[in-house]
Amino acid sequence: MGDMGFILVAVLAFVSVAGIGWVFAGDSGSSTKKKRLKAVSTGANAAKGRRRKVSAADQAQARRKQVQDTLKQLEQRQKRQRKKSLSLEAQLHQAGLRITPVMFWMIALGLGVVVFLFLMLKGQGFAISGGLGFVAGFGLPRWFLAVARKRRMKKFTEEFVNGIDIIVRGVKAGLPLNECIKMIVREVDEPVSGEFRRLIEQQAAGVALDEGLHRMYRRMPLPELNFFATVLIIQQKTGGNLAEALGNLSTVLRSRKMMREKIAALSSEAKASAFIIGALPPGVMMLVYVTTPSYMGQMFTEPMGRVMLGAGALWMGAGIFVMRRMINFKF
């Protein structure tokens, strides 16, 4: 019995030690397996994160490339539009004159002939009458066209910012872009409302938005309208927050307007001085001719007087050109 008890105790001790060892070995294996699974899952998550980063970077790069390509296309197209905007027909549209180039040249020719015949009947020489007739027929209509064009473009610039603000408020309220443009037609003064009315009519006829904006820029070649067209075209092709982009554009245009007015105020004295200096010699000559025609008439009848008048006009023209270049600030 003693031997049997000893053997039983030894077997129980062996089983106990083996069980404890098996428990610890099993825990170690499971922990190792867990570690391996965790490492595998961590590597998979890292790979997914890298793929997401690469995908986001590729999308950003593709969007930048698309924006760059769009800007290049717009730049090339705007160069062609600038050349077309310098034609006489485009200038007549920019000035708001409802006449054709043929009618314009007929009016200019008629004005030059009338001035020429009037001076000839007054006894002036052929050279003087022809020169003043040429100036009246070629220079005066072009000057009137330039003044009307500049005045209309200035008025468009002043009202254009208000139109952009209407689009920003409408887009923030959830209205589509076409409805915002119709609101500009109803609420903003001419010439902005007329230009946007043409844009709506062209869209109704099947013209795309970008093509309609390019035609508007041809009729009104202003940097402000160029910025506006660029923002809309890029937003249409690449997406983005239109209200935020146009809001920033409105802020920039208002800052440009303030800078323009400040420059005009600072340069007003120089412009007034140049105008007085340029107008003084012709004014004095006309005053003397009206008061004492016999005294000044010799300048038109004598050969030496005509040479002096021609030289004086040449030098006056050169001086006016130089002064204009000095006071004509680009902003």
Item to check | Convex hull of Cα atoms in region 130-207, direction-averaged projection (nm²) | outcome: 6.8 nm²
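Under the rule a/c < 1.5 gives rounded, and otherwise a/b versus b/c splits prolate from oblate, where does region 89-177 land using the Cα gyration tensor? Before the final figure, lay out each step's value.
Working: a/c = 6.81, a/b = 3.89, b/c = 1.75.
Prolate is the answer for region 89-177, as a/c is 1.5 or above and a/b outweighs b/c.
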Next on the checklist: Once you compute Rg and the Kirkwood Rh from C-alpha atoms, what is the Rg to Rh ratio for region 110-152?
Outcome noted: 1.15
Checklist outcome for this item: Hull volume per residue for region 267-331, using the convex hull of the C-alpha atoms, in Å³ is 73 Å³
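Using a ≥ b ≥ c from the Cα gyration tensor of region 202-284 (square roots of the eigenvalues), is it rounded, prolate or oblate, where a/c under 1.5 gives rounded and otherwise the larger of a/b and b/c decides, a/b for prolate? Don't jump to the answer; show the numbers that get you there.
On the way: a/c = 6.07, a/b = 2.13, b/c = 2.85.
Judged from the Cα gyration tensor, region 202-284 comes out oblate (a/c at least 1.5, b/c at or above a/b).
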Checklist entry - What area, in nm² and to one decimal, does the C-alpha convex hull of region 215-331 cast on average over all directions? => result 11.5 nm²
Checklist entry - Going from the alpha-carbon gyration tensor of region 141-296, what semi-axes, largest first and in whole Å, does one get by taking the root of 5 times each eigenvalue? => result 44, 18, 12
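Each value in this text was obtained by applying a stated rule to the coordinates, not by laboratory testing. The shown structure was predicted, so the numbers you read here are calculated from the model rather than taken from an experiment.
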